[in-house]
Amino acid sequence: MLRLEKLIEASSLFRTSLEGRFAMDILRSVLQTAVAARAPLEEYLLALLRAAPGEVAAEPARFTPRDWVAATAHRSSGE
């Protein structure tokens with residue numbers, strides 16, 4: 001996780017606007033939460049980006065890394 005943090009820090013050196021720093025903080029929070037939930041980052045982020053915005057807005061709890069991992073494991077076990 002430290003390496004990921006260093007990569008984010010290095011890529012954010014030129015985020016001089018408030019909006020840029022805000023966006024980077026959100027991204028950092030999402031990535032760190034996904035790492036803590038042991039979610040595969042690429043799969044998780046792609047699933048979020050492909051989800052319908054209305055669906056995410058209606059049930060945001062379903063799209064947290066922990067719940068996403070649980071739902072993915074549930075689907076892959078065939079239950």
Between the modelled labels at Glu55 and Ser76 (7 Å from Cα along Cα→Cβ) the distance in nm is 1.9
To the nearest 0.05, the calculated FRET efficiency linking Thr16 and Asp67 through their beta-carbon distance, R0 being 35 Å, is 0.50
Sorted on mean Cβ neighbours within 10 Å (highest first), peptides 26-32, 49-55 come out as 26-32, 49-55
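Every read-out reported here was derived from the displayed coordinates using simple, explicitly stated rules and does not represent laboratory data. Because the structure is predicted, anything quoted here is derived from the model rather than measured. Glycine gets a Cβ as well: all are built from the backbone with ideal geometry, and neighbour counts include every protein chain shown.
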